[in-house]
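These notes are about the structure you will find just below.
The values are calculated or read from the model by the stated rules, or taken from the named source; none is laboratory data. Being a predicted model, the structure only gives us computed values, none of them experimental. Cβ sites come from the backbone with ideal geometry, for glycine too, and all protein chains shown count toward neighbours. SASA here: full protein model, heavy atoms, side chains in, ligands and nucleic acids out. Shrake-Rupley method; radii C 1.70, N 1.55, O 1.52, S 1.80 Å.
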Amino acid sequence: MADKSLVDLSWDDFDEHRDPRSNENQFDQVVDRAVSRRGFLGGALAFGSGAAVFGTGLFSSTAAARADGHMKFGFKPIDIATDYEIHVPEGFDHKVLVRWGDALWTEAKDAYDAQNGVSVDMSDKVFGENTDGMELFEVDGKQLITVNSEYVNPKINLPAASEGTPQTADEVVLLKNLQGVTVMEIADTGNGFEVVLDSAYNRRITHETEMAIAGPLAGHALVQTKADPAGLMVKGTMNNCGSGKTLWDTYLTCEENFNGYFGATGDMPDGEGYTRYGIGGSGRYAYEKFDERYDISKEPNEPHRHGFITEIDPSDPTSTPVKRTALGRFKHENAEMVHAKDGRVVVYMGDDERGEFLYKYVSNGTWEQGAATDGLLDDGVLYAAKFNDDQTGEWLALTPETTGMEIADILCFTRMAASKVGATTMDRPEWVASNPLKVEAYCALTNNKNRGVKPNAGGDDTSVNAVNPRETNNYGQIVRWTPADENHAADGFAWDLYVMAGNPEVYDNIYGGSDNINAGNMFNSPDGMAFSSDGLLWIQTDGNYKNEGDFAGMGNNQMLVGDPESGEIIRFMTVPNGAEVTGLCWSADKKVAFVGVQHPGGSWPDGEGKPRSSVVSVWRQDGAQFG
Ligand code: FEO
Ligand code: CA
Ligand code: CA
């Protein structure tokens, strides 16, 4: 049974609480190295002089953000906010497109109740809770949004007496149904975009939806269970965080904190394969009490069937989602697919946990528009990134030769394979976004309170280094890399830091941030990212919104826009107190942006009753494109 005191923790803190890992592992060496590294960083403490200690160009913006540079963005930046509203720039409007509990089919029109939420029998006929990654697809002249519902807040969804822990099997079904993925048709009816009720494309994919296991792990003993002795068909995709879109217009959903759904009612199986992923103890939602599939003392292989990139075809509501095991198993944030110069398909992927790694997958086959896609996501090589302090880097192949592991083990226990090759431990890799106008990619490293403090769950050293340059990093940074020979499939790359978030009002040192951070654009914890077609980088935050102490002057979570060329960053949007901003896509005509608002506080957006995670439409009042 889930520990009620754990219900209110974030997923990261939940893992920290459950994970008994010691901080004594190599602790002295970690501290020693951190101290010597601080000496190395000493020149950067007077930050006005820039971080030239790393040589030229570690930080991309050589000039402070320019007050006259807003022409490129087409709007004036907005101030921070601390209220329970949404704010957008002058000349823009916004409205809610869809809220948790809103109907996808007419029969669920009255499903949501302000006091009680949604009943179990309607729970797979409404928009799920905690919206996250999303992508827009054009199918037969229709516009479809495919969007994740990352997790549920059990205190909002369950009767108050339960205190956030399901008491019945029906309550577990309710929670399962309000997560997963939604496909929904949207249309502009003259009153802004709305969900098209009863569209033939509308679909809910939940923790009970059947999906195929593909790639090298399909049928392997590691993924065989009592219910699926062949190891080919699994139920559910869970903790769907960021997203991706394939070159052939299918949706990639990314299974992040899957470990938290499993618990043990009896003896736990042993092994690094469980501890490295934080699997064990009590599950966050007590699923294991009502569904044996989630009880690792009875079904030790079920966790091996989650933590993958899963491909969904939104154009066919009867299609079976496919778990692509060749892309590795870890806490997947998003999946940024690019077409390499040599024709191969490359997918960049972050593993969002303190001190884990950045990955890429490269297909063995090549693709061109209209060609068959069979095997492209099943047959390829997985790599983990090594960032050298001289601003070069290399992608380290995870193969039987480099790791001493069999391919099935590499793909099921990918973190352990990346540790073996000496990949660089990172400050929580979140979304990767690639520039449509240039061969380069960016990854948000959201924060890492353990940097320079204790090793990762595999015991890997997490001393500060050039790409993760701050001990106890509570602000985060965005790294950018340019692949060798302008080929995303190449082994080598050069990198710099596009921005290092910080608070220049509080710190006159490296914690003040890079020089494209100022009192007018401060933020912390970059997370979601996407490029618009005009080559601007949109940055969404999921951080501390208390607006005090180290975070004073940053306000609520926000969405900013960055210019890759000048380094300038300005604030576009703020969301209600308590919420994070996550998920971004544009209408087919690029005139409307759809932005996800997850876990809002207060009673947003209804003004009374429960807070409701929602997707919001934003557009220019003059009707011009802006995406
Ligand atoms: Fe679900 Fe790493 O954010
Ligand atoms: Ca995220
Ligand atoms: Ca986050």
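Any chance segment 406-420 includes a residue that's out of contact with any Ser or Thr (no Cβ under 9 Å at 6 or more places or on another chain), within 16 Å of ligand 3 (Cβ to nearest atom), open to solvent by less than 30 Å² (accessible area, probe 1.4 Å) and not in a loop (DSSP other than H, G, I, E, B)?
No: zero hits.
When the residues of segment 536-553 are filtered to those that are in a strand (DSSP E or B) and within 15 Å of ligand 2 (Cβ to nearest atom), which remaining residue is nearest to residue 448 (Cα to Cα)?
541
Looking at 542, 550, can you tell me which residue is within 16 Å of ligand 3 (Cβ to nearest atom), in contact (Cβ under 8 Å) with a residue 40 or more places away in the chain and open to solvent by 30 Å² or more (accessible area, probe 1.4 Å)? Steps first, answer last, please.
Numbers: 550 fails: within 16 Å of ligand 3 (Cβ to nearest atom).
Answer to the check: 542.
Of the numbered conditions (1) more than 24 Å from the chain's Cα centre (by Cα); (2) within 19 Å of residue 98 (Cβ to Cβ), residue 163 fails exactly one; give the number of that condition.
(2)
Filter segment 330-357 down to the residues that are more than 16 Å from ligand 1 (Cβ to nearest atom) and of a type outside the set (Gly, Ala, Ser) and list them by number.
Let us first name the residues in segment 330-357 that are more than 16 Å from ligand 1 (Cβ to nearest atom), namely 337-347.
Correct list: 337, 338, 339, 341, 342, 344, 345, 346, 347.
Quick grid of which residues meet (1) in a strand (DSSP E or B); (2) within 28 Å of residue 626 (Cα to Cα); (3) open to solvent by 30 Å² or more (accessible area, probe 1.4 Å); (4) in contact with a helix residue (DSSP H, G or I) (Cβ under 6 Å, 6 or more places away or on another chain):
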residue: 89; (1), (2), (3), (4): no, yes, no, no
residue: 94; (1), (2), (3), (4): yes, yes, yes, no
residue: 107; (1), (2), (3), (4): no, no, yes, no
residue: 110; (1), (2), (3), (4): no, no, yes, no
residue: 134; (1), (2), (3), (4): yes, yes, no, no
residue: 138; (1), (2), (3), (4): yes, yes, yes, no
residue: 144; (1), (2), (3), (4): yes, yes, no, no
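Looking only at strands (runs of 3 or more DSSP E) that lie completely in segment 216-260, which have at least 3 residues being within 16 Å of ligand 1 (Cβ to nearest atom), in contact with a Ser or Thr (Cβ under 9 Å, 6 or more places away or on another chain) and over 21 Å from residue 279 (Cα atoms)? Before the answer, list the steps.
On the way: elements: 233-235, 240-245, 251-255.
In segment 216-260, the matching strands (runs of 3 or more DSSP E) lie at 240-245.
Among the residues of segment 261-275, how many are surrounded by 23 or more Cβ atoms within 10 Å (Cβ to Cβ) and in a loop (DSSP other than H, G, I, E, B)? Lay out the reasoning, then the answer.
Just the residues of segment 261-275 that are surrounded by 23 or more Cβ atoms within 10 Å (Cβ to Cβ), to begin with: 261-263.
After this cut, where a residue has to be in a loop (DSSP other than H, G, I, E, B) as well, the list is 262.
Count: 1.
When the residues of segment 573-618 are narrowed to those that are surrounded by fewer than 24 Cβ atoms within 10 Å (Cβ to Cβ) and assigned to a strand (DSSP E or B), which ends up nearest to ligand 1 (Cβ to nearest atom)?
Checked segment 573-618; the qualifying residue nearest to ligand 1 (Cβ to nearest atom) is 585.
Filter segment 522-535 down to the residues that are assigned to a loop (DSSP other than H, G, I, E, B) and buried (at least 22 other Cβ atoms within 10 Å of the Cβ), then identify the one that is nearest to ligand 2 (Cβ to nearest atom). Show your work before the answer.
The first filter runs over segment 522-535 and keeps only residues assigned to a loop (DSSP other than H, G, I, E, B), leaving 522-525, 532-535.
Imposing the further condition that a residue be buried (at least 22 other Cβ atoms within 10 Å of the Cβ) reduces the set to 522-525.
Numbers: 522: 20, 523: 15, 524: 14, 525: 10 Å.
My answer is 525.
If you go through segment 155-177 one residue at a time, do you hit one that is assigned to a loop (DSSP other than H, G, I, E, B), within 16 Å of ligand 1 (Cβ to nearest atom) and open to solvent by less than 40 Å² (accessible area, probe 1.4 Å)? Explain how you work it out, then say what you get.
So the first thing to find is which residues in segment 155-177 are assigned to a loop (DSSP other than H, G, I, E, B), and the list is 158-159, 163-168.
Filter once more, keeping what is within 16 Å of ligand 1 (Cβ to nearest atom): none.
No; the residues of segment 155-177 include none that is assigned to a loop (DSSP other than H, G, I, E, B), within 16 Å of ligand 1 (Cβ to nearest atom) and open to solvent by less than 40 Å² (accessible area, probe 1.4 Å).
Looking at segment 426-456 only, could you name the residues that are open to solvent by 10 Å² or more (accessible area, probe 1.4 Å), in contact with a Gly (Cβ under 9 Å, 6 or more places away or on another chain) and more than 16 Å from ligand 1 (Cβ to nearest atom)?
435, 436, 437, 438, 454
Residues in segment 464-499 that are hydroxyl-bearing (Ser, Thr, Tyr) and open to solvent by 10 Å² or more (accessible area, probe 1.4 Å): how many? Break it down into steps so the answer makes sense when it comes.
Of the residues in segment 464-499, the ones hydroxyl-bearing (Ser, Thr, Tyr) are 472, 475, 482, 498.
Next, from what is left, pick out any that are open to solvent by 10 Å² or more (accessible area, probe 1.4 Å): 472, 482.
Residues in segment 464-499 being hydroxyl-bearing (Ser, Thr, Tyr) and open to solvent by 10 Å² or more (accessible area, probe 1.4 Å): 2 in total.
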